[in-house]
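Let me begin by presenting the structure, written as structure tokens, before commenting on it.
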Amino acid sequence: MYNRVDARLIAGLEQIVGADNVLAGPQQAEKLERYTHDEVVGLAAEPEVVVLATSAQQVAEIMRLAQAARVPVTPRGAGSGLSGGAVPVCGGIVLSLERMNRILEIDHGNLMVTVEPGVITGDLHRAVEAEGLFYPPDPASLESCSIGGNIAEGAGGPRAVKYGVTKDYVCGLEAVLPSGEVINLGGKLVKDVTGYDLTQLLIGSEGTLAVVTKIILRLVPLPKFRVDLLVPFDDFQTAINTVSAIIAARILPTTIEFMEQDSILAVEQLLGRQMQFRDAAAHLLIQLDGSHQEAVDADYETVGEICLERGARDVLVARDARTRDRLWEARRKIIEALKFASPINHMEDVVVPRSRIPELLAGVKAIAAEHGIRVVCFGHAGDGNVHINALKDALPIERWHALTPELSAAFYRLAIGVTRRNYLGMALSPAEIALMRGIKATFDPHGILNPGKVFPDRPAGDGARAS
Ligand SMILES: Cc1cc2nc3c(=O)[nH]c(=O)nc-3n(C[C@H](O)[C@H](O)[C@H](O)COP(=O)(O)OP(=O)(O)OC[C@H]3O[C@@H](n4cnc5c(N)ncnc54)[C@H](O)[C@@H]3O)c2cc1C
């Protein structure tokens, strides 16, 4: 279905971006390795060539060349994805946007920032915060992911409870179609209802419709005050019921994260020391922010009272950066800790109504017991987003490879909340899938942009390997 990358195509790419920005061949094997995978454990595929673009113009020329040659192109930001989106499963070109990493403008009058896609999310946070402004979306990977990747994945983060997710902040996009045509969608308009909302269509499209080359994001004023609470509970159900009680009291925390005990124990193993309240069944991490100290204080006192009334063991309060870092340490280290505990593991991401998290966890643990494996859960209690991590531990690799699709299907049956490729059919109707296929064909008639993603079937030429 696709053609291979040949010497002529490589020469064409070198002409566009310069030979230094084209990586191919065995002599570049070391540099190419990092482009074979993202953060999905066990999924890798070799690109035939990696191209590092530095402008929209270059991206347009690369796409024109690739479409004419019928060679697949996989856009890549920082490679921190957890869905395999940046893995070139059909080979071809990996188009890296990492060098397009400039913050172009911070516009105080319109409260907007214009950036290139390769800007690291944490760098954007620091740049706008230095000017008293705030970009709230905060994927836990913010120091290692790019804004372009956040848009393509529709990234969320702990602060979604109060502030929403990436899609709520994108006002305008410049993007390159597979044909090489450059389109400008939206802009610095708060209300824009001209035609269909193509800006939102590109968000979460996993780089399958167009390559994003410039982004205009909405900002808000930086909240001046912040308090963080770590609250241990003896019982998981009580912890989740407490979250509902806090929200019912008309208090909207910035974040409400949960960690079950197994995740705390995994962090202990990584750090080689004991964590606070290590024997608690669940920890909640609650953050409150606002522009007035008295209002934030009143809220955190009410939240603390609700937690203690409901049976929390204690409420630890952080009002300064050092204490805050200590309270958040376990939450920030979980993914690293799980990799340390079992270098091969499998993560699924599901969303359920908040009140159903305990039910979901009970089901997940039953599935784990049935298969004799360890499963560790943590996530965003505020919006019901649960990360389910199955650990391979000492299971033989063949058994593990056979088991993971079974586990995924079982987890998704428990919570049809997210739309991962092979489970798309469980979450969407045939009519919806047909519409999506039609959209893909309109944007990308030759199917060259990030093939093998979003839709269940994978085109021929599958070069993915399990590692
Ligand atoms: C420790 C850890 C914690 C995480 N926490 C969160 C979290 O809290 N919330 C969350 O949502 N995710 C989280 N993630 C997942 C991941 O960080 C996000 O999905 C992030 O948005 C990916 O950004 P990236 O730049 O690394 O993208 P990549 O992995 O490089 O690419 C992701 C997808 O975006 C596409 N893409 C990248 N750039 C462009 C572009 N310019 N134009 C078109 N398509 C493009 C790629 O083709 C691919 O499909 C976490 C990951 C890790 C490892």
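A few notes on this one:
- For the range 138-150, a residue qualifies if it is surrounded by fewer than 24 Cβ atoms within 10 Å (Cβ to Cβ) and more than 6 Å from the ligand (Cβ to nearest atom), and the qualifying residues are Asp138, Leu142, Glu143, Ser144.
- When Ala130 is tested against (1) over 22 Å from Gly79 (Cα atoms); (2) buried (at least 19 other Cβ atoms within 10 Å of the Cβ); (3) free of Cβ contacts under 8 Å to residues at least 40 places away in the same chain, just one condition goes unmet, and that condition is (2).
- Evaluating Gln15 against the criteria (1) in a helix (DSSP H, G or I); (2) in contact (Cβ under 8 Å) with a residue 60 or more places away in the chain leaves one unmet condition, (2).
- Neighbours by Cβ (under 8 Å, 6+ apart or cross-chain): first from the range 77-99, among the acidic types (Asp, Glu); second near the ligand (Cβ under 6 Å from one of its atoms): Glu98/Arg76; Glu98/Gly77; Glu98/Ala78; Glu98/Ser146
Matching residues to (1) outside any helix (DSSP H, G or I); (2) surrounded by fewer than 18 Cβ atoms within 10 Å (Cβ to Cβ); (3) in contact with a Leu (Cβ under 7 Å, 6 or more places away or on another chain):
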| position | (1), (2), (3) |
| --- | --- |
| Ala29 | no, yes, no |
| Leu32 | no, no, yes |
| Val50 | yes, no, yes |
| Ile62 | no, no, yes |
| Ala78 | yes, no, no |
| Gly81 | yes, no, no |
| Gly84 | yes, no, yes |
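- Count - residues of the range 227-240 that are surrounded by fewer than 23 Cβ atoms within 10 Å (Cβ to Cβ), part of a helix (DSSP H, G or I) and either touching a helix residue (DSSP H, G or I) at 6+ places or on another chain (Cβ under 8 Å) or not assigned by TED's automatic domain parsing to the domain that holds Glu329 (or both): 2
- Residues in the range 151-169 that are surrounded by fewer than 21 Cβ atoms within 10 Å (Cβ to Cβ) and more than 15 Å from Val351 (Cα to Cα) were compared, and the one that is nearest to the ligand (Cβ to nearest atom) is Lys167.
- Of the numbered criteria (1) away from the ligand (no atom under 16 Å from the Cβ); (2) touching a residue at least 12 places away in the same chain (Cβ under 8 Å); (3) surrounded by fewer than 21 Cβ atoms within 10 Å (Cβ to Cβ), the one Asp197 fails is (2).
- Flag if Gly186 is surrounded by fewer than 21 Cβ atoms within 10 Å (Cβ to Cβ) and small (Gly, Ala, Ser): yes
- From the list Ile216, Ile256, Ile251, Ile247, the lone residue that is farther than 30 Å from Leu391 by Cβ, of a type in the set (Val, Ile, Thr) and either in a strand (DSSP E or B) or within 13 Å of the ligand (Cβ to nearest atom) (or both) is Ile216.
- Residues in the range 95-126 that are within 9 Å of the ligand (Cβ to nearest atom) and not polar (S, T, N, Q) were compared, and the one that is farthest from Pro221 (Cα to Cα) is Leu95.
- Any hit, the range 325-332, residues being surrounded by fewer than 18 Cβ atoms within 10 Å (Cβ to Cβ), small (Gly, Ala, Ser) and more than 14 Å from Phe233 (Cα to Cα): no
Each row is one residue, and each column tells you yes or no for (1) closer than 22 Å to Ser141 by Cα; (2) among the aliphatic types (A, V, I, L, M); (3) out of contact with any Lys or Arg (no Cβ under 8 Å at 6 or more places or on another chain); (4) not assigned by TED's automatic domain parsing to the domain that holds Ser342.
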position	(1), (2), (3), (4)
Glu14	no, no, yes, yes
Asn21	no, no, no, yes
Tyr35	yes, no, no, yes
Val59	no, yes, yes, yes
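- Residues in the range 346-394 that are among the charged types (D, E, K, R) and away from the ligand (no atom under 16 Å from the Cβ) were compared, and the one that is surrounded by the fewest Cβ atoms within 10 Å (Cβ to Cβ) is Glu370.
The values are calculated or read from the model by the stated rules, or taken from the named source; none is laboratory data. Only a predicted model underlies this, so the values are computations on that prediction, with no experimental measurement involved. Please note: Cβ atoms are built from the backbone with ideal geometry, for glycine as well, and neighbour counts cover all protein chains shown.
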